[in-house]
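A short worksheet on the structure shown next.
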Amino acid sequence: MTTKIGIVAGSTRQGSYNRRLARIASADARAAGAEVTDIDLRDFELPIYAHEIEFDAFPAAAIELKALFQAQDAILFASPEYNGSVTGLLKNAIDWASRPTDGESLIALSAFRGKAAGIMSASLSPFGGLRSLAHLRQILGTVQMLVVPEQVAIPSAHQAFEDDALVDALPRQLITGLVESLLNVGGKLGFD
Ligand SMILES: Cc1cc2nc3c(=O)[nH]c(=O)nc-3n(C[C@H](O)[C@H](O)[C@H](O)COP(=O)(O)O)c2cc1C
């Protein structure tokens, strides 16, 4: 069966380095024969999560995003580091998609549970967003995803790309390796 992979970036910035990483990984996943869904968070008008909003009027965009995650075998995240962690944009999206809908149990986590995850970060600093990757790994573990051990951190992102392509061969190979591993694990899990 074809493995379904969703690829999501934690930045909506015009010219975002992380969205470039997501596009590179997306091309790799397509080349490997996966069914790829590019998930652009600009398409989802998500309010900052609040209990009252959830219980008064669960946003349609949150239900849509959750359904997109639910349909995947694996999800690949490419997020910038903001003040040592993942962006509020990405965390808010994960928070909304972690909430139960349709009478699910509080701990169903049906958007994430038992699916494979991969993580990447590009940042301007010499550390490539490593602190945010540690946080993201922990967050995704908390929502019961199996995060593959490979990860990609691109330091000095302003010098790492030429247009949409990575200048150096090694990080490019690391992305291919991460995608391969994620498809391999995601294809085997089939949790439901
Ligand atoms: C609020 C804020 C906090 C930031 N904090 C960090 C940080 O902790 N570490 C880091 O490496 N870069 C940090 N940066 C710089 C980002 O690496 C840079 O903006 C990067 O281009 C964001 O990724 P993007 O191009 O995908 O949007 C921060 C940027 C912003 C706007």
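Please treat every number below as a calculation from the coordinates, not as lab data. Nothing here was measured: the structure is a model prediction, and the numbers come from that model. Note: ideal-geometry Cβ built from the backbone for every residue, glycine included; neighbour counts use all protein chains shown.
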- Query: Which condition number in (1) assigned to a strand (DSSP E or B); (2) farther than 17 Å from Ala32 by Cβ; (3) more than 16 Å from the ligand (Cβ to nearest atom) is the one that Ala153 fails?
  - Reply: (3)
- Item | region 112-134, residues that are among the aliphatic types (A, V, I, L, M) and in contact with a Leu (Cβ under 8 Å, 6 or more places away or on another chain) | Ala116, Ala117, Ile119, Met120, Ala122
- Message: I'd like the full set of residues that are at positive phi and within 8 Å of the ligand (Cβ to nearest atom), limited to region 1-38.
- Response: Gly15
- Task: With the condition kept exactly as written, say whether any residue in region 41-52 is in a helix (DSSP H, G or I), out of contact with any helix residue (DSSP H, G or I) (no Cβ under 9 Å at 6 or more places or on another chain) and within 16 Å of the ligand (Cβ to nearest atom).
- Result: yes
- Message: Looking only at residues that are among the polar types (S, T, N, Q) and within 14 Å of the chain's Cα centre (by Cα) in region 86-135, which one is farthest from Asp168 (Cα to Cα)?
- Response: Ser98
- Message: Give me the helices (runs of 4 or more DSSP H) completely within region 53-146, filtered to those with at least 1 residues that are within 16 Å of the ligand (Cβ to nearest atom), ordered by residue number.
- Response: 88-97, 130-142
- Message: Looking at the structure I just gave you, is Leu170 touching a residue at least 12 places away in the same chain (Cβ under 8 Å), farther than 28 Å from Tyr49 by Cβ and over 16 Å from the mean Cα position of the chain (by Cα)?
- Response: no
- Query: Using beta carbons and a limit of 8 Å, which pairs, at least six apart or on different chains, have the first residue in region 78-93 and within 14 Å of Ala134 (Cα to Cα) and the second one charged (D, E, K, R) and surrounded by 22 or more Cβ atoms within 10 Å (Cβ to Cβ)?
  - Reply: Ala78/Arg19
